[in-house]
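Read through the structure below, which is laid out as structure tokens, and then see the notes.
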């Protein structure tokens, strides 16, 4: 796939999910809601509608498209996942966690509003994600909605993303070995990327063999994403990243790039791209966008 075609398609996915999220986060109360408090909603919108590559939603939509799934339903699942992702960023930025002032080149939610509002904004986005999946507007069979809800809960909870963040905090108080670092990354970052790929297959009603292939693809992409993140933390500046650089080193946390060096990391990333490409080979040209996404994740600049 040509780079320009890839970037245009990625931007198209970002625009689509941005528009849907904007509509979902409107001020109009939904059935069984009483009112949407203005300040809380503003904080949620600030944490969600502030740009970003929307790579996770793109993975959901493209994995569903691989099996000719309903595009509108896949987009709603993608929006639900992005709510989870953005809630995690809002909470990660809090003073009790990473204590960051800038996210995507803008003030973090707790800086623009206050800490209590940021906590509530994250809480609301977390619960809203499951609302979006369960809502009648998401035109999927009930059994599929249950499977998506379970997979998202497992990916975002104690044994997934939230648990990974707990391990990340632990890494500030003691030095982790390589196996522990890999496990942390598989949970904190990899779990939601894995869900993105599995969710697309689930939403499209793909066969179990295809679903498992997409799960493995998601695991590889998740590892590549975190490796690239850690490499950028070592080598890029804050302006390029849109957030603070050098955070891991400043906190004394070990990462695989800091242990093995830049050349090892680049070689490992190249190998992960090859693995991801090989997994998608049975789908031929239909998987061109997913193959390009894997490469993009491993080579991005921010």
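Points worth noting:
To keep it simple, each residue is scored yes or no on (1) in contact with a helix residue (DSSP H, G or I) (Cβ under 8 Å, 6 or more places away or on another chain); (2) at pLDDT below 95.
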residue: 169; (1), (2): no, yes
residue: 176; (1), (2): yes, yes
residue: 197; (1), (2): yes, no
residue: 211; (1), (2): yes, no
residue: 233; (1), (2): yes, yes
residue: 245; (1), (2): yes, yes
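- Filtering the range 49-72 for residues that are without any contact (Cβ under 8 Å) to a residue 12 or more places away in the chain and surrounded by fewer than 17 Cβ atoms within 10 Å (Cβ to Cβ) leaves a non-empty set.
- Unique match (being more than 20 Å from the chain's Cα centre (by Cα) and either buried (at least 19 other Cβ atoms within 10 Å of the Cβ) or assigned to a helix (DSSP H, G or I) (or both)) among 140, 152: 140
- Note on the range 1-108: enclosed helices (runs of 4 or more DSSP H) holding 3 or more residues that are at pLDDT 95 or above and closer than 30 Å to residue 286 by Cβ are 3-24, 55-66, 71-92.
- Hey, residue 80 surrounded by fewer than 20 Cβ atoms within 10 Å (Cβ to Cβ) and under 17 Å from residue 30 (Cβ atoms) or not: no
- Residue list for the range 100-112, restricted to those being within 15 Å of residue 50 (Cα to Cα), surrounded by fewer than 20 Cβ atoms within 10 Å (Cβ to Cβ) and either in contact with a strand residue (DSSP E or B) (Cβ under 7 Å, 6 or more places away or on another chain) or touching a residue at least 40 places away in the same chain (Cβ under 8 Å) (or both): 101, 102, 104, 105, 106, 112
- Filter result for residue 127 (part of a helix (DSSP H, G or I), touching a residue at least 12 places away in the same chain (Cβ under 8 Å), surrounded by fewer than 17 Cβ atoms within 10 Å (Cβ to Cβ) and within 18 Å of the chain's Cα centre (by Cα)): no
- In the set (1) in contact with a helix residue (DSSP H, G or I) (Cβ under 7 Å, 6 or more places away or on another chain); (2) within 18 Å of residue 127 (Cβ to Cβ); (3) surrounded by fewer than 20 Cβ atoms within 10 Å (Cβ to Cβ), the condition left unmet by residue 97 is number (2).
The values are calculated or read from the model by the stated rules, or taken from the named source; none is laboratory data. Note that this is a predicted model, so its numbers are computed, not measured. Every residue, glycine among them, receives a Cβ derived from its backbone with ideal geometry; neighbour counts consider all protein chains shown.
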